[in-house]
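These notes concern the structure reproduced below.
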Amino acid sequence: MEQAFVVVTGGAPPHRGVTARLPADRFVIAADSGLDHARRLGLRVDLLVGDLDSVSSAGLAAAENEGVPIERHPTVKDAIDTELALEAAVVRGAQRIVVVTGGGDRLDQVLAGLLVLVHPMVRDAVVEAWIGEAYVRALRGPARAELDGLAGDYVSLVPLQGTAAGIVTDGLRYPLRAEPLHAGSSRGISNEFLGGPACVSVERGALLIVVPYALGGPS
């Protein structure tokens, strides 16, 4: 199995329960203050990326002392640190990328962090994310994803970048049969697992599959 690239971002601290869900064979990339979050989660960081304007001085000093490679970018730049970290993963041949974040209070950063999950540069990789308690799987058609959930657990399908077309679902309470979901529509929100394996496929467009309470919370 291919090594996974785990990208830990800045913002709010990730859910502590996420560590048990991460692949054992991993290359950890910290995006700026994601370094501090990774250290609190007990993750060994293999690469630090970003303009380093929010990482703690103690965390940065420890990384330098440990010999962690650092890709420092200018503060004035055209991409958020999460995008730079994803690019670093792609350059290293990533076939699976798992983003770990707690979200945050900067709505613009949160939105940009979601959009970058379907960036064209990662189209050839399996892209997942743990955002707080939520699990997210990104799809760019044609693509297919399998996932599990308990009966009654929520799962939502959120189209990005226009219409996601030719969506087929199995194992969900409200099925789609080669149907579209249009950006801006809430039709795909609050579907439910029937219990056991489920499958979502999309022919064209970009889609996020969101399991909002994957690490706990209401069912």
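We did not get these values from a lab; they are worked out from the coordinates using the rules stated. Bear in mind the structure is a predicted one, so any value in this text is a computation, not a measurement. As a convention, Cβ positions derive from the backbone with ideal geometry for all residues, glycine included, and neighbour counts pool all protein chains shown.
Hand me the trypsin sites (Lys or Arg not before Pro) from segment 149-219 located in a DSSP loop with no more than 16 other Cβ atoms within 10 Å, in residue order please.
Those that pass, being in a loop and sparsely packed, are ARG173, ARG187.
Below 14 angstrom from the Cβ of ASP153, what's the summed charge of the other residues (Lys, Arg +1; Asp, Glu -1)?
Taking every Cβ under 14 Å from that of ASP153, the sum is -2.
What full-extension length gain, to one decimal in nm, is calculated for THR163 and LEU147 as 0.36 nm per residue of separation minus the Cα-Cα distance?
Extra length available between THR163 and LEU147 comes to 3.5 nm.
Taking loop as defined by DSSP and a crowding limit of 14 other beta carbons within 10 Å, which trypsin sites (Lys or Arg not before Pro) in segment 1-100 fit?
Counting only loop positions with at most 14 other Cβ atoms within 10 Å, the trypsin sites (Lys or Arg not before Pro) in segment 1-100 are ARG44, LYS77, ARG92.
Average projected area of the Cα convex hull of segment 56-159, in nm²?
For segment 56-159, the mean projected area of the Cα convex hull comes to 9.0 nm².
Which one, PRO180, PRO23, PRO74, has the greatest fluctuation when you compute a Gaussian network model over the chain with C-alpha springs under 10 angstrom?
Per the Cα network of the chain with a 10 Å cutoff, PRO74 tops the list.
Between ARG16 and ARG123, with labels modelled 7 Å along Cα→Cβ, what's the label distance in nm to one decimal, could you check?
4.2
On a full-extension model of 0.36 nm per residue, what is the gain between GLN3 and SER185, subtracting their alpha-carbon distance, rounded to one decimal in nm?
61.9 nm
For a quick check: with amide H placed at 1.01 Å from N, whose amide H comes under 5 Å from VAL6's, ignoring anything fewer than 5 positions away on the same chain?
Correct list: PHE27, VAL28, ILE29, VAL98.
From the phi angles alone, apply the Karplus equation (6.51, -1.76, 1.60; θ = phi - 60°) to segment 98-110 and give each ³J(HN,Hα) in whole Hz, x where the residue is Gly or Pro.
My calculation for segment 98-110 gives 10, 8, 10, 7, x, x, x, 9, 9, 4, 4, 5, 4 Hz in order.
Under a Cβ-only charge scheme (Lys and Arg +1, Asp and Glu -1), can you give me the dipole magnitude of segment 76-219 about the Cα centre, in debye to the nearest 20?
My answer is approximately 300 debye.
Can you pull the semi-axes for the chain, root of five times each eigenvalue of the Cα gyration tensor, sorted largest first, whole Å?
Largest first, the chain gives 31, 18, 15 Å.
For segment 30-94, give the magnitude of the charge dipole about the Cα centre (Cβ charges: +1 Lys/Arg, -1 Asp/Glu; no others), in debye to the nearest 20.
That gives a dipole near 240 debye.
In a Gaussian network model over the chain where Cα atoms closer than 10 Å are linked, find which of ILE209, ILE167, ILE189 has the largest mean-square fluctuation.
ILE189
Please compute the net charge surrounding GLY195, taking Lys and Arg as +1 and Asp and Glu as -1 over other residues with Cβ under 13 Å from its Cβ.
Cβ neighbours under 13 Å give a net charge of -3.
In segment 140-158, which residues have a backbone nitrogen under 13 Å from the label point lying 7 Å from TYR174's Cα in the Cα-to-Cβ direction?
In segment 140-158, the label zone of TYR174 (backbone N under 13 Å from the point 7 Å along Cα→Cβ) covers 154-158.
Between GLU71 and SER54, what is 0.36 nm times their sequence separation minus the Cα-Cα distance? Round to one decimal in nm.
4.7 nm
Placing +1 on the Cβ of each Lys and Arg and -1 on the Cβ of each Asp and Glu in the chain, which of LEU52, ALA24, VAL136 has its Cα farthest towards the positive end of the resulting dipole?
VAL136
Which whole-number value in Å³ per residue fits the convex hull of the alpha carbons of segment 139-211?
Given the Cα convex hull of segment 139-211, per-residue volume reads 61 Å³.
So what's segment 4-132 giving for Cα Rg divided by 2.2 N^0.38 Å, two decimals?
In units of the 2.2 N^0.38 Å rule of thumb, it is 0.94.
Among ALA30, ALA85, ALA178, determine the one that fluctuates most according to a GNM of the chain built with springs between C-alpha atoms less than 10 Å apart.
With Cα springs under 10 Å in the chain, the top fluctuation among ALA30, ALA85, ALA178 is at ALA178.
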